[in-house]
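The values are calculated or read from the model by the stated rules, or taken from the named source; none is laboratory data. Quick caveat, the model's predicted, so the values are computed rather than measured. Using ideal geometry, Cβ is built from the backbone for each residue, glycine included, and neighbour counts are taken over all protein chains shown. To get the accessible areas, we keep the full protein, side chains included, count just its heavy atoms, and leave off ligands, DNA and RNA. Shrake-Rupley method; radii C 1.70, N 1.55, O 1.52, S 1.80 Å.
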Amino acid sequence: MKTCDYLVIGAGIVGLTIALELKKRDPSARVVVLEKEKELAQHGSGRNSGVLHAGFYYTADSLKARFTREGNARWKAFLEARGLRINRCGKLVVAKNEQEVEGLRELKRRGDLNGVETYLISLEEARRIEPRVKTTGLALWSPNTATVDPKECMAAVAAECQAQGIEIRLGSPYQGRRGTDIITPQEVYSAGFVVNAAGLHADRVAHDFGLGLRYRILPFKGLYLYGSEPPGSLRTNIYPVPDLRNTFLGVHFTVTVDGQVKIGPTAIPAFWRENYQGFQGFDPKEALSILRDEAILFLRNDFNFRSLALEEIKKYSRAYLVAQASALLEGVRPENFRTWGRPGIRAQLFDHQAKKLVMDFTLEGNAEGLHVLNAISPAWTAAMPFAEYVVDRIQELHRGKELAAS
């Protein structure tokens, strides 16, 4: 039996930044982070796009809007202080037709409400930023969007955790609970408070605590195609106007931290949580549950899921994916995009009572623990201020527990 004040389940970027914030507020606390993998950054925190978003996509009443702009600035300061790489390449959002121009105006309106620097610019101005860009009339320019190397960032955050005395236990998956104790293959932990930041498995952990019962994780697979053009062939990220009714931003061009170009990501419905390649991570019971949810959504066509699924499945075709991206940029040649990157899985929360995808960050908690149920994009960008918000909630729960006991 081991004891700790705070036990964080999941050593992704959300779990580690929460652990750092807990230690900052209570330096004497013993903070332990459990990670089921033997290395860090094996899931979303190491497989994401590496984009530091600026924060103009999100409605002003959302947690995403509240934390993304500040998170962008905090990451930049963190990286600069440590001499880590960052590509301040910005982003152009472009319109494929006249109907999408109104979408650009809506993004500009949201950006203004969120205090995010954006500019509506002409095609001529856009081509001064990126000569190959295509758009109809206007484009939206975001100068503060940037790209980083997620694995480098994760290593730096983990090093900061260790410097602060936070214990990261690799190869220690959460296996369940016995009363108030948390079981792993090596140890049993008696924790003063549990923080669930388990990403793809956050719903399972929450259900063990009797929380988040209306929610399940619905996984979506993200694939990227890497280009063979020399670094610098594209100057900035190029994105389409997204369908603001769902949480996906559409196929786009990302300029990586080292100047490479990649096309993606897809949002293909996955059949189990870790459905990266072949039968890796296959769990028959889990697959049946997820397939059931997807089948119901496909038949009911809630939030246009049928069209979304059919469209995304086509993107397994390299030629189709490149053709989609070519609407945004001149001179896109299929022979220059042949290399698939590591797949990622988006841990998208699904409200099975309301039959809809959950759009914003979502937490549930009680006196025993707090559960981060939905930490989808831009959770990477927002991680540092979001961690402060989570720890504020933890302190509120502590105060409620103390009042109930008095």
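Summary table
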{"read-out": "Greater than 19 Å apart at Cα, pairs in K221/K262; K23/K64; K91/K151; K38/K285; K64/K151; K108/K262", "value": "K23/K64; K91/K151; K38/K285; K64/K151; K108/K262"}
{"read-out": "Per-residue [θ]222 nm for the chain (sum of -39500 (n - 2.57) over DSSP H runs n ≥ 4, rounded to 500)", "value": "-11000 deg cm²/dmol"}
{"read-out": "Within-10-Å neighbourhood charge of A354 [Cβ basis; K, R +1; D, E -1]", "value": "+1"}
{"read-out": "Mean accessible surface per residue for the chain, computed with a 1.4 Å probe while every protein chain stays in place, in Å²", "value": "42"}
{"read-out": "Sequence of S142, S307, S28 from largest to smallest accessible area, 1.4 Å probe", "value": "S28, S307, S142"}
{"read-out": "Accessible-area value, E402, 1.4 Å probe, nucleic acids and ligands omitted, Å²", "value": "120"}
{"read-out": "Cβ charges +1 (Lys, Arg) and -1 (Asp, Glu), total dipole of region 131-195, debye", "value": "380"}
{"read-out": "Dipole of region 87-146, positive end: most advanced residue of I121, G103, V93 [Cβ charges, Cα centre]", "value": "V93"}
{"read-out": "Normalised contact order of the chain, rounded percent, pairs of Cα under 8 Å and 6 or more residues apart", "value": "23"}
{"read-out": "With every protein chain in place, the chain: carbon and sulfur % of accessible area (1.4 Å)", "value": "51"}
{"read-out": "Size of electric dipole in region 76-156: Cβ of Lys, Arg +1 and of Asp, Glu -1, about Cα centre, debye, nearest 20", "value": "220"}
{"read-out": "Extension reserve of the D392-K356 stretch, reckoned as 0.36 nm per residue once the Cα distance is removed", "value": "10.2 nm"}
{"read-out": "Dipole moment magnitude, nearest 20 debye, the chain about Cα centre, only Lys, Arg, Asp, Glu C-beta charged", "value": "560"}
{"read-out": "Alpha-carbon centroids, region 71-88 and region 261-280: separation in whole Å", "value": "28"}
{"read-out": "Proximal aspartates and glutamates relative to K401, as straight alpha-carbon distance under 12 Å, when same-chain residues fewer than 8 apart are discounted", "value": "E368"}
{"read-out": "Candidates A65, A29, A126: whichever shows maximal mean-square fluctuation once the chain is modelled as a Gaussian network with Cα springs under 10 Å", "value": "A29"}
{"read-out": "Region 186-321, relative contact order in percent, only Cα pairs under 8 angstrom and at least six apart counted", "value": "20"}
{"read-out": "For region 245-363, alpha-carbon Rg and Dmax in angstrom", "value": "16.0, 46"}
{"read-out": "Relative contact order for region 181-235, counting Cα pairs under 8 Å that sit 6 or more residues apart, in percent", "value": "18"}
{"read-out": "Full-extension gain in nm, A295 to S406, via 0.36 nm per residue minus C-alpha separation", "value": "35.0 nm"}
{"read-out": "Dipole of the chain, positive direction: furthest Cα of V188, T135, V148, with charges on the beta-carbon", "value": "T135"}
{"read-out": "Cα centroid separation, region 19-41 to region 340-406 (Å)", "value": "16"}
{"read-out": "Extreme residue, positive dipole direction of the chain, given options P378, S228, P343 (C-beta unit charges)", "value": "S228"}
{"read-out": "Choice from K96, K64, K36 with maximal GNM fluctuation in the chain (Cα, 10 Å cutoff)", "value": "K96"}
